[in-house]
Amino acid sequence: MSEINQNRNLNNQYSFSVKTIHWLMALGFVLMWSSGYLMHGFFAEDSAGEEFIFAMHISIGVLLAMLLLARIAARALIKPPELPEGFTALDKRMAHAGHLALYILPAVIITLGWAETDFGGHGVTLFGIPMPKLFPTMDTWMGIKLEDFTSENHEILAWTLLAVVVLHVAAAVKHRMAGHDVLYRMGIGKK
C-alpha cells in the first residue's frame, strides 16, 4: 500500500489532492450558479455586461471540466477513506448514490454547456484562449433547435445539481450531529 493510502487510512481523511479538488470545484460551482443567475436576470441580452459574465461562465466551466477529469483520475488512483462506523446500509447506499451524482451531473452539464456554445457558433474559450471545438456549428438536427435544447437542459440539470449539493451538505451536517464527523474527512473540523 502506498504511503499516501497508509496516511489517509490512519486519519480517515481524503488525500490533500482530493480535498483540494473538492473545494476548488465547490468554489467553481458557486461561481457558475452565480454567473448563470446574473446572466439571465441582471443584464440586457447581448450587452457588454452579459457578454463579460457569459465569458467568465464559460471559462469557469472549462476549469471545472479540467478539475472533474483530475477528480476522476484521483478517485481511480487514491482509495477514499471508509465510511464512518454507524452508517446504516441505507446511509451507505445514499452516500454512494450522491457521490456518483456529483460525478455524472457535472460531466453532463459541462458537456451540454460546451455543446450549446459550439452549436451556436460562439466557440468555447478559457479566459480568451480558444478551446477545441467538440461540436459542429448547427442550428437544427431532426427538427430540434440544438442551441435551445442544450441550453434548456443545461439549466435544468444545473438546478438539479444544486439540489443534489444542498442534500450533500445537509447529509454532512446531519451525520456530524449524529456523531459521524464526515466533515473531518474533507478537512473541516477535528476528529
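The values are calculated or read from the model by the stated rules, or taken from the named source; none is laboratory data. Note that the structure is a prediction, hence the values are computed from the model and not measured. Quick reminder, even Gly has a Cβ in these numbers, built from the backbone with ideal geometry, and neighbours come from all protein chains shown. Keep in mind that these areas ignore ligands, DNA and RNA; they rest on the heavy atoms of the full protein, side chains included. Shrake-Rupley method; radii C 1.70, N 1.55, O 1.52, S 1.80 Å.
Scaling against 2.2 N^0.38 Å puts the C-alpha radius of gyration of segment 21-126 at 1.31. Considering lysine pairs in the chain that are 8 or more places apart or on different chains, how many have Cα atoms under 18 Å apart? Lysine pairs meeting the criterion: 7.
Only Lys, Arg, Asp and Glu carry charge here, each on its Cβ (+1 for the first two, -1 for the last two); on that basis the chain has a dipole of about 1320 debye about its Cα centre. Highest average first, the peptides 124-130, 148-154, 54-60 ordered by how many other beta carbon atoms sit within 10 Å of their residues are 54-60, 148-154, 124-130. Amide hydrogen proximity for T125: with H placed 1.01 Å from N in the peptide plane, the residues at 5 or more positions away or on another chain lying under 5 Å are M131. Stretching the chain fully between T137 and E50 yields a gain of 29.2 nm (0.36 nm per residue, less the alpha carbon separation).
With the helix formula -39500 (n - 2.57) applied to DSSP H stretches of n ≥ 4, the chain reaches a computed 222 nm mean residue ellipticity of -24000 deg cm²/dmol. Between segment 118-132 and segment 31-110, the alpha-carbon centres lie 20 Å apart. Label point 7 Å out from I129 along Cα-to-Cβ: which residues of segment 47-69 have amide N under 19 Å? Under 19 Å, as judged by backbone N against the label point of I129, lie 55-69 of segment 47-69.
A 1.4 Å probe run over the protein chains yields, for the chain, 62 Å² of accessible area per residue, whole-number rounding.
When a 1.4 Å probe is rolled over the protein heavy atoms, the share of accessible surface on segment 52-187 that falls to carbon and sulfur comes to 72 percent.
Remark: spin-label model distance H99-A73 equals 2.0 nm, labels positioned 7 Å along the Cα→Cβ axis. Considering only A97, L68, F135, the residue lying farthest towards the positive end of the dipole of the chain is A97, judged by Cα position with unit charges set on Cβ.
Screening the chain for whole DSSP H helices with an alpha carbon extent of at least 20 angstrom along the helix axis and a mean Kyte-Doolittle hydropathy of at least 1.0 yields 48-77.
For log10 I(q)/I(0) by the Debye sum over Cα atoms at q = 0.08, 0.11, 0.16 Å⁻¹, the value calculated from this model appears in (i) -0.26, -0.51, -1.10; (ii) -0.25, -0.48, -0.98; (iii) -0.33, -0.59, -1.04 under label (iii).
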